[in-house]
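Here's the structure, in structure tokens; my notes come after.
The values are calculated or read from the model by the stated rules, or taken from the named source; none is laboratory data. Given the structure is predicted, the values throughout are model-derived calculations rather than measurements. For neighbour counting, all protein chains shown are included, and Cβ atoms are generated from backbone atoms with ideal geometry for every residue, glycine included.
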Amino acid sequence: MSQHQPEIVKAVLDDCLQGLGLDYLDLYLIHFPASFVASSRNVGEDLFPLTGKNEPEGDVAIDDSVSIVDTWEAMTMLPKSKTRSIEVSNFTIQHLETIINAAGVAPAANQVEHHPLLRQDDLIAYCKNRNIHIIAYSIGGQSVIPKSVISACIRENFQEVILSPQDIAEVESVGKVQKRYNAPFIANKPRWDVNSFGDDAEKNASHHVIL
């Protein structure tokens, strides 16, 4: 979900279910801690509204009137019959603390960029302490989440891999210089003109996350 206005959160879920031909979702998430301007037509349309700036790639129109607390509180009100769990994606510790303190409900999971080049140790430890599952993407700097429709491959994805201390040391040595690859201000086209993580690469963004 990228249009976060609380009054349309349920309608966006219904539109998603209708499009997928499903009665419910196992997980429904806030894709990023910044809201796009809502469609002036119908929910599910104009998913990437543009401002007309930063041509030729363009800038996505960001809605600074919507806070992540407003959206999360609306998410917590969704019926369990339509989504079994609610989660977030690309949330920092500050973002998580803000929504949990406001709503009293922690997300089931936080989907984040996580690999040897961006370990995010503090965030992983925080989520573990709060019983928030981590779903890693951009393994190796590319947008990959292990998935398959083949039964044997699905079973393999659930098999635990045991690393030796030497294996761990070798993996950690790769990430001596930590780097984020998925900052939308520099990585996305059209550009998302928002400072999502507080990284140096985002310091010239015009918008920030509304807490």
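Suppose we keep only residues that are of a type in the set (Asp, Glu) and exposed (fewer than 13 other Cβ atoms within 10 Å of the Cβ) within the range 24-57. Which one would you say is farthest from ILE134 (Cα to Cα)?
Only one residue fits best here, namely GLU55.
Quick one: is ALA109 in contact with a helix residue (DSSP H, G or I) (Cβ under 7 Å, 6 or more places away or on another chain) and not polar (S, T, N, Q)?
For ALA109, the condition - in contact with a helix residue (DSSP H, G or I) (Cβ under 7 Å, 6 or more places away or on another chain) and not polar (S, T, N, Q) - is not met.
Would you confirm whether any residue within the range 79-102 is surrounded by fewer than 19 Cβ atoms within 10 Å (Cβ to Cβ), within 16 Å of the chain's Cα centre (by Cα) and free of Cβ contacts under 8 Å to residues at least 24 places away in the same chain?
Yes, some residue in the range 79-102 is surrounded by fewer than 19 Cβ atoms within 10 Å (Cβ to Cβ), within 16 Å of the chain's Cα centre (by Cα) and free of Cβ contacts under 8 Å to residues at least 24 places away in the same chain.
I'd like the residue in the range 4-29 that is under 18 Å from ILE62 (Cβ atoms) and in contact with an Asp or Glu (Cβ under 8 Å, 6 or more places away or on another chain) and, out of all such residues, is modelled with the lowest pLDDT.
HIS4
Those residues that are farther than 16 Å from LEU78 by Cα and either outside any loop (DSSP other than H, G, I, E, B) or among the charged types (D, E, K, R) (or both), I need them from the range 30-39; list them, please.
Answer for the range 30-39, where residues must be farther than 16 Å from LEU78 by Cα and either outside any loop (DSSP other than H, G, I, E, B) or among the charged types (D, E, K, R) (or both): just PHE36.
Residue under question is GLU7, and the condition is that it be under 19 Å from the mean Cα position of the chain (by Cα) and outside any loop (DSSP other than H, G, I, E, B); does it hold?
Working: under 19 Å from the mean Cα position of the chain (by Cα): no; outside any loop (DSSP other than H, G, I, E, B): yes.
It is false that GLU7 is under 19 Å from the mean Cα position of the chain (by Cα) and outside any loop (DSSP other than H, G, I, E, B).
Please go through the range 11-29 and give me each residue that is outside any loop (DSSP other than H, G, I, E, B), touching a residue at least 60 places away in the same chain (Cβ under 8 Å) and in contact with a Ser or Thr (Cβ under 8 Å, 6 or more places away or on another chain), ordered by number.
Residues of the range 11-29 that are outside any loop (DSSP other than H, G, I, E, B), as a first pass: 11-20, 25-29.
Right, trim to touching a residue at least 60 places away in the same chain (Cβ under 8 Å) and you get 13-14, 17, 27, 29.
Within the range 11-29, LEU13, LEU27, LEU29 qualify.
Could you identify the single residue in ASN54, ASN42 that is polar (S, T, N, Q), outside any strand (DSSP E or B) and under 25 Å from ARG180 (Cα atoms)?
One residue alone meets the criteria, ASN54.
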